[in-house]
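Chemist: Can you keep this structure in mind? I'll have questions shortly.
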Amino acid sequence: MNEFKRSDAFDPESIRKKISEIRTRAPEDMANGDARTELNPLARQIAEQFRDDTFSPAMIMGLMRLFEFSALFAIGYAINTLYVQPSLDQLPLYLAILIGGSALAVAAMQLADTYQVPALRAWLRVIPRILASWAIAFGGIAVALFFLKSGHQYSRVWFGGWFISGAVFLIAERAFIAYSIRHWARNGTMERRAVVVGGGQPAKDLIRTLEHQPDNDIRICGIFDDRDERRSPNVIAGYPKLGTVDELVEFARLARIDMLIISLPLTAEKRILQLLKKLWILPVDIRLAAHANNLRFRPRSYSHVGDVPMLDIFDKPIADWDSVAKRSFDIFFSVVALLLLWPVMLGAAIAVKVTSPGPIIFKQKRHGFNNEIIDVYKFRSMYTHLSDPTARNAVTKGDARVTPVGRFIRKSSIDELPQIFNVLKGELSLVGPRPHAVLAQTQNRTYSDVVEGYFARHRVKPGVTGWAQINGWRGEIDHDDKIRLRTAFDLHYIENWSLLFDLKILFLTPFRLLNTENAY
């Protein structure tokens, strides 16, 4: 047991198990989360200041790697074109060297930790590591050419010119990046926005620790605590207490928050669980600050915000480069779908228009990402004078409000095809939890009244199709178990997302649509 520093009252291993139980239990007994709490004017004003998205350090670092690879390749290619002017037979050999050398350089700089924010800020200190990485890349190329006995095929002047020009570029570029990062930190372009949950002395100590770190990229947006002023002052370390935890849920829906940091001792399991029951529905990272605890786990048990150790409770799903990959996936397959399905969409539009008076496209208010309200497009399937934009009354079998054409396009899901334009606008994803109408209900109860944790579905963008739908949970919801099972499938999708999972769902959707049992 030498790995742990024990306290007299608690066993560290049991605390780790408790944290694991919290992660498991929170989704099961999560509180409702739908009741909107009105923000006080100060909290609303601060939330409005953080409405714009930021670029996370992970995104910036990824773009830097791509940029440096492209720039080094372009420098070598330009020198090659101007000086060597290779023939078509020689060009593939030079291109192989350019690609390999640029990739080796980026990989070596990655191994040398030159893509960390502190390294980017202190560019003079890391220049030796950058130049060493660039030299190692050239050394690797030289060794490869030696063993392949093909060094004579390449220009030594080009090789040396590329090395010197690349080194000059890296020094100048890193100096510019260091200046840019300081500028981005000041104007909020590159920062992680955090809210501290819990007040008093622990929150004050946490904030002071974060502020004293020279390379801190965390911006504290406020403090939320349920306790009154006697136990938790209204101003802590210069930051205002903006409200209760219930108000925090609404605050995080208005502001673009990246992280919630719970400033409570690990031993306060009951209170931590109460907080998570309310907060886990938000699309943010949830961390438990461990800097002030006497218990110490193995190093790999922690993540760090700067030098402050944190225990990871929940991670934001589909974040950073995963979100870029998913967005690229959506755009590519949406364009493909439009190219393939435009005759079907044109035919449906004509049929809707000529068979009943009214607009071709029907717009409905539905819940989107982070519980925002969006307009979702559908081909109109009801008589205009009988339509129900709120979807308070779900369509049932033989519903007289549905037109004959509408009955067909609803069963075949052709009415959903205009949602491809919602995808291209960025409001929907091709695959995700299906967006439900704002006032949708079953047996005179809203879905959030039926399912605890319902709004956790909105931690990702809703989708045109989803894991629940291809497993048969589509169409009318006339029983509580149907919305419970849909939500369970949606949460499974969120927790297990991957591009391959999306591709599987997209591929299976046309086949599963053949089952029209519950589609009216």
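Chemist: Report the extension gain between residue 48 and residue 471 in nm, rounded to one decimal, defined as 0.36 nm multiplied by the number of residues separating them, less their alpha carbon distance.
Modeler: Values: separation 423, 0.36 × 423 = 152.28 nm, distance 4.01 nm.
Gain in length upon complete extension: 148.3 nm.
Chemist: Need one number: nm distance between label points at residue 495 and residue 212, each 7 Å from Cα along Cα→Cβ, rounded to one decimal.
Modeler: 3.9
Chemist: Let me ask another. Which order do peptides 371-381, 489-499, 424-434, 44-54 fall in by mean Cβ count within 10 Å, highest first?
Modeler: Values: 371-381: 18.9, 489-499: 16.8, 424-434: 21.7, 44-54: 14.0.
Answer by packing, highest mean first, reads 424-434, 371-381, 489-499, 44-54.
Chemist: Going by the alpha-carbon gyration tensor, a ≥ b ≥ c the square roots of its eigenvalues, is segment 185-264 rounded (a/c under 1.5) or, if a/c is not under 1.5, prolate (a/b greater than b/c) versus oblate?
Modeler: Details: a/c = 2.26, a/b = 1.26, b/c = 1.79.
Oblate shape, in that a/c is at least 1.5 and b/c is the bigger or equal ratio.
Chemist: Taking R0 as 56 Å, what's the FRET efficiency between residue 332 and residue 235 from their Cβ-Cβ distance, rounded to 0.05? Each step should come with its number before you reach the end.
Modeler: Values: r = 50 Å, r/R0 = 0.89.
Taking R0 as 56 Å, the efficiency between residue 332 and residue 235 is 0.65.
Chemist: Tell me, what is the FRET efficiency for residue 345 and residue 322 to the nearest 0.05, using R0 = 51 angstrom and their Cβ-Cβ distance as r?
Modeler: On the way: r = 30 Å, r/R0 = 0.59.
Here the calculated transfer efficiency is 0.95.
Chemist: Segment 462-492 to segment 69-135: how many Å between their Cα centroids?
Modeler: 49
Chemist: Determine the sum of side-chain charges near residue 344: Lys and Arg each +1, Asp and Glu each -1, restricted to other residues whose C-beta is under 12 angstrom from that of residue 344. Write down the numbers at each step before the final one.
Modeler: Numbers: positive: none; negative: 415, 416.
Around residue 344, the charge tally is -2.
Chemist: Pop out the ³J(HN,Hα) list for segment 362-376 in order, Karplus 6.51 cos²θ - 1.76 cosθ + 1.60 with θ = phi - 60°, rounded to Hz; leave Gly and Pro as x.
Modeler: 10, 10, 9, 6, 9, 7, x, 4, 6, 6, 6, 8, 10, 8, 9
Chemist: As I understand it, the dipole of segment 90-205 uses +1 on the Cβ of Lys and Arg and -1 on the Cβ of Asp and Glu, about the Cα centre. Which of 137, 169, 199 lies farthest toward its positive end?
Modeler: Among 137, 169, 199, the one farthest towards the positive end of the dipole of segment 90-205 is 199.
Chemist: Let me ask something additional. Would you work out if segment 321-512 is rounded, prolate or oblate? Take a ≥ b ≥ c from the square roots of the eigenvalues of the alpha-carbon gyration tensor; rounded if a/c is under 1.5, else prolate when a/b is larger than b/c, oblate otherwise. Before the final figure, lay out the partial values.
Modeler: Details: a/c = 1.76, a/b = 1.14, b/c = 1.55.
Oblate.
Chemist: Taking R0 as 30 Å, what FRET efficiency do you get between residue 111 and residue 268 from their Cβ-Cβ distance, rounded to the nearest 0.05?
Modeler: Numbers: r = 41 Å, r/R0 = 1.35.
Computed FRET efficiency for residue 111 and residue 268 comes out at 0.15.
Chemist: Quick check on packing: order 360-368, 275-283 by the mean number of other C-beta atoms within 10 Å, highest mean leading.
Modeler: Details: 360-368: 17.3, 275-283: 24.0.
Averaged packing, sorted descending, gives the order 275-283, 360-368.
Read-outs throughout are calculated quantities, based only on the coordinates presented, and are distinct from any laboratory measurement. Just so it is clear, the model here is predicted, and its values are computed rather than measured. Heads up, the Cβs are rebuilt from the backbone with ideal geometry, glycines too, and the neighbour counts pull from every protein chain shown.
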